[in-house]
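Scroll down for the structure; my scribbles are underneath it.
The values are calculated or read from the model by the stated rules, or taken from the named source; none is laboratory data. Computed from a predicted structure; not experimentally measured. Counting neighbours? That spans all protein chains shown, and the Cβs are built from the backbone with ideal geometry, glycine included. Ligands, DNA and RNA are excluded from the accessible area calculation, which covers all protein heavy atoms including side chains. Shrake-Rupley method; radii C 1.70, N 1.55, O 1.52, S 1.80 Å.
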Amino acid sequence: MIFAISPKHTTEDFKNGWNLDDKIDVFIARVEGWQLGVANTLVEKNIPHRKFAILMIIINYFEMIAKYRDGYVEAIKDRRKGEGKSAHFFKEGLKDVFPDMSLPEDELVTAAMYENVRNGLYHAGGTRNNVLLSDEIPNTVGYNTITGAIA
């Protein structure tokens, strides 16, 4: 039986094994085709009520990309390497995507994103307090240090 392993690849494509370039190509195809591309389509088509769907699609990217960069995925057999480190990987992924978030005071932003956005979506099906989703705000992520609001 043939299975899709990305929007562009099936199990038939790698009968003789994978090399590093194959793994990278499949990873990119998965992220672009099954995650970021879908989120982008929601934006382009101006789908009503899309903001939480987009956030749910993209929020896992940060933790995932940090784990890949760290080699966690290759070392998946040793589960202890990543146990209890979701916050660490999520915050590192945020810093990879948003390099300006590397100052000590940015720990408030990354902690709020982890607790109020990532954990809210993963564990409660919606964000927690002080999260505003808007098409009207020009920056990607904003944080109010007085109120703790993320926008």
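Structural remarks
- The chain, dipole about Cα centre (Lys/Arg Cβ +1, Asp/Glu Cβ -1), debye to the nearest 20: 500
- The calculated 222 nm mean residue ellipticity attributable to helices in the chain amounts to -12500 deg cm²/dmol, summing -39500 (n - 2.57) over DSSP H runs of n ≥ 4 and dividing by all residues.
- Rounded to 10°, Cα long-axis angle of helix 50-70 versus longest principal axis of the chain: 60
- Among (i) 30, 21, 13; (ii) 23, 18, 16; (iii) 25, 19, 14, the entry that matches semi-axes √(5λ) of the Cα gyration tensor in Å as calculated here: (i)
- For Leu133 and His88, the FRET efficiency from 1/(1 + (r/R0)^6), where r spans their Cβ atoms and R0 equals 25 Å, is about 0.45.
- For Val131, the amide hydrogen comes within under 5 Å of the amide hydrogens of Ile150, counting only partners 5 or more places away or on other chains and with H modelled in the peptide plane.
- R0 of 35 Å, Cβ-Cβ distance Glu115-Asn19: FRET efficiency to nearest 0.05: 0.30
- Remark: spin-label model distance Thr11-Glu105 equals 5.4 nm, labels positioned 7 Å along the Cα→Cβ axis.
- The H on the amide N of Ile5, modeled in the peptide plane, is under 5 Å from the matching H of Thr10, Thr11, each at least 5 residues off or on a different chain.
- Couplings 3J(HN,Hα) for the stretch 25-31, derived from phi with the Karplus relation 6.51 cos²θ - 1.76 cosθ + 1.60 (θ = phi - 60°), are 4, 5, 4, 4, 4, 5, 5 Hz, where x marks Gly and Pro.
- Solvent-accessible area per residue, Å², over the chain with all protein chains present [probe radius 1.4 Å]: 66
- Percent carbon-and-sulfur accessible area, the chain, ignoring ligands, DNA and RNA, probe 1.4 Å: 53
- In sequence order, calculated HN-Hα J values of the stretch 125-134 (Karplus, 6.51, -1.76, 1.60; Hz; x Gly/Pro): x, x, 5, 8, 4, 6, 10, 10, 10, 8
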